[in-house]
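So the structure is just underneath, and the comments pick up after that.
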Amino acid sequence: MKPTSLKPKAGLAFEIFFPLISLFATFFIVFLFNTHIIAQTTIVKGKLLDEEGKPSRYSLVGIAPSEYANAANFVGCDEEGNYKISLKNSGFNFVLYSMPNHNPLRVPILNNKNKEVTINVNLVPYEFKDNLDEVGIAGSFNNFNIGSPEKMIKKEDGTFLFEVKTDQDEIKYQLCGIEKNGRSINAPLSSSFEPDSSGDYISIAKVKDGKAVIVFDPANLLKKKAEPNVSFNKNSIDEKICNLFSEHKRISQDISNKMETYLKAKGNIQNFQYENTNYLDGLLNKIESEKEKEVKDCLKLFYISFAPYKMKNYNREKATSFFESLLPQNEIWELIPNAFFSLYALFPQHKWNEIQNNFLKNSKSVTLKSNIFGYKLSLAKQKGDEEELKKLHTLISNEYKDVKELQNILKYYPIETKIKTGAKIPDFEVKSLDNPNEVYSKQSMLGKIYMIDFWATWCGPCVGEMKNLHKAYEKFKDKGFEILSLSLDAKPEDVFKFREEKWKMPWKNAFLEGGWQNPVCKKFEVVAIPEPILVGADGKILAYGGELRGESLEKTLSIYFKRHLKN
């Protein structure tokens, strides 16, 4: 199976997707709470302030079950920024610190015994793009469509204006396209704010005479650069794990940036290699010398998680031994749940199945179990194995009926899927990006063998397939083969720029406004990209998924065109 990109969440940065890790991230819901009752409780208290040491009346501290999950059980801070919150779910909890105009921060805390931890935090402002010639806005007036925001009008004085008529007393909104990492954020100097569960805030504007007038002045943005400050009351295991986790994130981000640069230059990451061997060697030395079991296990997990990252001098034998030493019951897996899948390619399929089933039986982590179930559901759907899908649906429905989020994942993988080999494709209609007067539809494409390709310029695996797509198109276009690429980008201009600077994509192209919420995406049950679907001249599906990616694409097309020419 090839890497795939998951649908983005509003307000969160979208990064380059790593090989293999991004595959599994596609299928898994990582925001489940472990709901069993436990005895131990960790009390976390301290101060939450901004960079200058000032409190905010809108500051909140919440609890999330994983690094990227939404938080809950928020508590406010007093006038001096003091807070106190209780962690009652066993294993790792991520304490989420947030205030308007600032980057939220998550601190991992292991709740494995009754204890009290003091953590003082100073948050830092968002980082913004250097050029703010274009600003988008999304809110209650467009169902918070972050993917296709409204455009604010730039005035001569450098401010931006947006007006909207409404019968409501107030409107809620966020600004888009100004934060450096792509997240949607609150506007500065708003009259009031409303928090979301990810650590960002929504601005609220009053409506007067049936119209809301929003003015955004970039001069009001806080642009101080600094690192957030996190201080513990004493040298503890929690502090040590927090610092090591932060270091791990910095290295991961560095790899991400270098992979993205390499991908843009080469068009794929096949020969990419990360050269920072000092970190890996240091990690092995720390594992060898560390005395605290929880810390040693964290270090092992970090090493395991780097298996797919193409790091020079990575020792797969040691990684495998670390993997086998971390038992399913070990709560450390919750720190980086997707690390579980990092070494899957090193095990024979039967062995990997045994490992998964062992974790499903013995793991305490609902998050990790949901990841494994997600992988199994995705694999069954890709194979068109309705019996396996039915079996998994029954198991999850019966044994996890009280876990709402895990029940919801079943909706993405219905037993009777419409997208399978031999089935007729759904009706669709999209406008050409190259000729607005031309429309592509199920009817207009009848008589052709063509591939529908759901993709986006921000999707690393999608860009990685471009070389294969162009090669296949050149080889088979004279035999009647066509490609219809459907972009899930934020705006059509992203596609135009990509085609001008990177890959020409000399076939049919269209833009799906609204991205994942576009009706075409829903009809084709798209939950991850790239999602290629080969359609026959009669409008029936010939192949999809892995059969149409990498080197398999050309092989699959050869089979079907040979058969087509015979007929």
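At a 1.4 Å probe radius, which order do Asp196, Asp538, Asp238, Asp385 fall into by accessible area, largest first?
Solvent-accessible surface, decreasing: Asp538, Asp385, Asp196, Asp238.
Stretched out fully, how many nm does the piece from Glu551 to Asp281 gain, at 0.36 nm a residue minus the Cα gap?
Using 0.36 nm per residue and subtracting the Cα-Cα distance, I get 93.7 nm.
Taking 0.36 nm per residue of separation and subtracting the Cα-Cα distance, what length does fully extending Asn112 through Asn398 add?
Gain in length upon complete extension: 100.1 nm.
Distance cut-off 23 Å, Cα to Cα: go down the list Lys47/Lys115; Lys424/Lys522; Lys113/Lys318 and report the pairs above it.
Lys113/Lys318
Which part of the range 165-181 falls in the paramagnetic zone of Leu132, meaning amide N under 14 Å from the point 7 Å along Cα-to-beta-carbon?
Counting backbone N atoms under 14 Å from the label point, the list is 175-181.
Quick one: if you stick a label point 7 Å off each Cα along the C-beta vector at Phe74 and Ser441, how many nm between them?
Taking the simple label geometry, Phe74 and Ser441 are separated by 4.6 nm.
Once you've got the Cα coordinates, tell me which of Lys369/Lys467; Lys154/Lys211; Lys300/Lys555; Lys155/Lys211 are over 28 Å apart. If you can, show how the numbers build up before the last one.
Values: Lys369/Lys467 36 Å; Lys154/Lys211 19 Å; Lys300/Lys555 40 Å; Lys155/Lys211 19 Å.
From Lys369/Lys467; Lys154/Lys211; Lys300/Lys555; Lys155/Lys211, over 28 Å: Lys369/Lys467; Lys300/Lys555.
Largest first, what is the accessible-area ranking of Glu551, Glu52 with a 1.4 Å probe?
Details: Glu551 145, Glu52 105 Å².
The residues order as Glu551, Glu52, largest area first.
Quick check on the range 194-312: take the gyration tensor over C-alpha atoms, sort the square-rooted eigenvalues as a ≥ b ≥ c, and tell me if it's rounded (a/c under 1.5), prolate or oblate. Spell out each step's value before the answer.
Working: a/c = 3.14, a/b = 1.60, b/c = 1.97.
Because a/c hits 1.5 or more and a/b fails to exceed b/c, the range 194-312 counts as oblate.
What is the extension gain from Lys467 to Asp217, computed as 0.36 nm multiplied by their sequence separation minus the C-alpha to C-alpha distance, in nm to one decimal?
Answer, rounded to one decimal: 85.7 nm.
Report the longest stretch of the chain that contains none of the trypsin sites (Lys or Arg not before Pro) sitting in a DSSP loop with at most 13 other Cβ atoms within 10 Å.
Details: sites that count: Arg57, Lys113, Lys155, Lys180, Lys223, Lys224, Lys225, Lys234, Lys291, Lys312, Lys401, Lys418, Lys504.
Segment 313-400 is the longest.
For Lys84, go through the aspartates and glutamates and keep the ones whose alpha-carbon is under 16 Å away, minus same-chain ones fewer than eight residues off.
Glu116
Give the carbon-plus-sulfur fraction of the accessible surface of the range 182-310 in %, rounded to a whole number; probe 1.4 Å, heavy atoms of protein chains only.
Of the solvent-accessible surface of the range 182-310, carbon and sulfur hold 47 percent.
Where does each of Val207, Val135 land when they are ordered by accessible area, with a 1.4 Å probe and the largest first?
The ranking, largest first, comes out as Val207, Val135.
Using the heavy atoms of the protein chains alone and a 1.4 angstrom probe, what is the accessible area of the chain per residue in square angstrom?
Details: 26760 Å² over 567 residues.
That works out to 47 Å² for each residue.
The values are calculated or read from the model by the stated rules, or taken from the named source; none is laboratory data. Everything numeric here is computed off the predicted structure, so don't read it as measured data. Cβ: placed from backbone, ideal geometry, glycine included. Neighbour counts: every protein chain shown. Heavy atoms of the whole protein, side chains included, go into the accessibility calculation; ligands, DNA and RNA do not. Shrake-Rupley method; radii C 1.70, N 1.55, O 1.52, S 1.80 Å.
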